[in-house]
Amino acid sequence: MGSEKKASFDYESYILEINESFIRWSGSKTIAIPFDIAESELLDLLPQINGVLFTGGGLVLVDPLTKEQHPYYVTAKKIFNYSKFMKDVKNETWPLLGIC
């Protein structure tokens, strides 16, 4: 993103069009999961979808000094654990794909 665009960009999160297109090109629909979604809302949402694309970038997931975990990391761990549960307990494939 150019410096002029960065200076006027006033959002904490966003979805790159290419990421959404990647999912749509595969025949699926997309929804955005806020990185700071409440756990109860996340647990209600996950059974309604069939996988997650983790997008990433320049983000410190765990502060090296304080060990504080970023909300994106906390939510991603919950989603990962849900996928693992679906495979290990339910014997169902619930795919995850992570890109940066």
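The values are calculated or read from the model by the stated rules, or taken from the named source; none is laboratory data. Fair warning: this is a prediction, and the values are worked out from it, not measured in the lab. Glycine gets a Cβ as well: all are built from the backbone with ideal geometry, and neighbour counts include every protein chain shown. Note: accessible area is taken over every heavy atom of the protein model, side chains too, but ligands, DNA and RNA are not part of it. Shrake-Rupley method; radii C 1.70, N 1.55, O 1.52, S 1.80 Å.
Ordering 22, 54 by how much accessible area each has at a 1.4 Å probe, largest first, what is the list?
Ranking 22, 54 by accessible area, largest first, yields 22, 54.
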In degrees, nearest 10, the alpha-carbon axis of helix 71-88 is tilted away from the dominant principal axis of the alpha carbons of the chain by 20
Sorting 53, 97, 65 on solvent-accessible surface, 1.4 Å probe, most exposed first, gives 65, 97, 53
The percentage of the accessible area of the chain (probe 1.4 Å, all protein chains present) made up of carbon and sulfur atoms, to the nearest whole number, is 54
Relative contact order of the chain (C-alpha contacts under 8 Å, at least 6 apart) in percent is 28
Here, trypsin sites (Lys or Arg not before Pro) of the range 24-100 satisfying both criteria (DSSP loop; at most 14 other Cβ within 10 Å) are 29, 67, 90
Checked the chain against the a/c 1.5 cut and the a/b vs b/c comparison, axes a ≥ b ≥ c from its Cα gyration tensor; verdict oblate
Per residue, accessible area of the chain with a 1.4 Å probe, heavy atoms of protein chains only, in Å², comes to 80
